[in-house]
Amino acid sequence: MTNDKLTWLRKNLFSTWYNSLLTVVCLVLIFWVVRGILTWATTQAQWAVIQVNLRLFLVGRFPQTLYWRTWIVLAIASTLSAITGGVFFGKQQVTKGGIALFAIIIGVLLVVLPLDLTSRLWLLLIAVLLFVGFWLGGKFTKVLTPWLSLLWLLSFPIILWFIGGGLGLQSVSTNLWNGLLLTLLMATVSIVLSFPIGVLLALGRTSDLPVVRWFSILYIEIVRGVPLIGILFLAQVMLPLFLSADVRLDRVLRAIAGLVLFSAAYMAENVRGGLQSVPRGQIEAAKALGLNTALAILLIVLPQALRAVIPAIVGQFIGLFKDTSLLSLVGLVELTGIARSILAQPQFIGRYAEVYLFIGFIYWIFCYCMSLASRRLERQLSH
């Protein structure tokens, strides 16, 4: 151990006798907790509940003969995500250690996950697409940047076509969209739709037009005063009452409407905080250059405001992703809902710890990836 590390330890952990005692007690407590968890995980836990029901966790009751469509959807989403990551972070040097770690993770997944040969080949192909997509994004940043939003926009109807069918493909009822598939679909669509609505509401709340301003204020304050579960129940029960008898909205669409309406109100307040952080002189300077108010806000003020509240926006996205777990209370069998079905299986009754630890790990993976992307985007934009 180097002298710098010893100095840091003395200064931060053993500076006084009570700090030293507290450090020792904390180390003993951590050791006791970690040992207990490892003992339970290796000797008492029945991880067969995860292995046997892995497909239920991931795609629920989606027809097994149509799994190839879910793999294509995953390949499309993974490739576009990798290209996006390459565009934004491709300038950062990818080390050999990072490539080796990525290869090790894929290798472990191929060995550990209880998949058939076809699924393993799909997973290997997706790993290759991730690597190639990131390389392409970093190599052709200037070419791909103007088309990135259009590529994502075009991918949504294609993904929905593969999942739902129609137009030449066998239709799959939304009742069979379960597990992680439904969670990711609901979260992604809700995030994409709630963000522009939230921005418009934030601009409306700061508008000089009384009608627009008061409508935005009323909407934001009313929605923020109602719990999400109430919004979801209203979307499932009340929304059909405002439609004609011939119009029957699918349960998934009604749930998306509830999530979007709820998240947009909170997004508006986050964006409004960013708008208030931009000096008033920015608009005046833009007008002096000949820009009208709309262009000044769109080109000058809004980019600065969004950059200032990236952590808050990503925090809202993370919260929305986790809030999809409430959909199980309104009859949608997403990741948490499918867990209840699995726990009802006679051979796995009482396996709450294993099931919910696995679900929590899945949520943590996606939330940490969003948080990591947020931090890197902040660093990228600050240069």
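Using the Cβ atoms and a cut-off under 15 Å, what net charge is assigned to the surroundings of residue 252, where Lys and Arg are +1 and Asp and Glu are -1? Net of charged neighbours comes to +2.
By a 1.4 Å probe calculation restricted to protein chains, residue 367 has an accessible surface near 20 Å², given to the nearest 10. Computed about its Cα centre, the charge dipole of the stretch 273-364 is approximately 140 debye, with only Lys, Arg, Asp and Glu carrying charge at their Cβ. Every pair of different Cα atoms in the stretch 18-62 enters the Kirkwood calculation, which places the hydrodynamic radius at 13.4 Å. Close amide-amide hydrogen proximity is noted between residue 178 and 61, 62, each under 5 Å apart and 5 or more residues distant or on a separate chain (H modeled in the peptide plane; Pro and chain starts excluded). Quick check on the stretch 133-287: take the gyration tensor over C-alpha atoms, sort the square-rooted eigenvalues as a ≥ b ≥ c, and tell me if it's rounded (a/c under 1.5), prolate or oblate. Because a/c hits 1.5 or more and a/b fails to exceed b/c, the stretch 133-287 counts as oblate. Modelled spin-label separation between residue 380 and residue 29, with each label point placed 7 Å from Cα along the Cα-to-Cβ direction: 4.0 nm. Dipole check for the chain: with +1 at the C-beta of Lys and Arg, -1 at the C-beta of Asp and Glu, and the Cα centre as origin, the magnitude is about 720 Debye. For the stretch 261-361, the fraction of 1.4 Å probe accessible surface lying on carbon and sulfur atoms is 63 percent.
The structure-derived value of log10 I(q)/I(0) by the Debye sum over Cα atoms at q = 0.08, 0.09, 0.11, 0.12 Å⁻¹ appears in the list (1) -0.43, -0.53, -0.75, -0.86; (2) -0.35, -0.45, -0.69, -0.82; (3) -0.56, -0.71, -1.03, -1.18 under the label (3). Of the residues 336, 295, 349, the one whose Cα sits farthest towards the positive end of the charge dipole of the chain is 295 (charges of +1 on Lys and Arg Cβ, -1 on Asp and Glu Cβ, taken about the Cα centre). Label positions at residue 148 and residue 287, each projected 7 Å from the Cα along the C-beta direction, are separated by 3.3 nm. Each residue was assigned an accessible area with a 1.4 Å probe, and for residue 368 the value is about 100 Å².
Spatial offset of the stretch 242-277 relative to the stretch 157-220 amounts to 7 Å, using the alpha carbon center of each.
Net charge in the neighbourhood of residue 296 (other residues with Cβ under 12 Å of its Cβ; Lys, Arg +1, Asp, Glu -1) is +1.
The values are calculated or read from the model by the stated rules, or taken from the named source; none is laboratory data. No experiment lies behind these values; they were computed from the predicted model shown. Cβ atoms come from the backbone with ideal geometry, glycine included; neighbour counts cover every protein chain shown. Heads up: the accessible areas ignore ligands, DNA and RNA and are worked out on the full protein's heavy atoms, side chains in. Shrake-Rupley method; radii C 1.70, N 1.55, O 1.52, S 1.80 Å.
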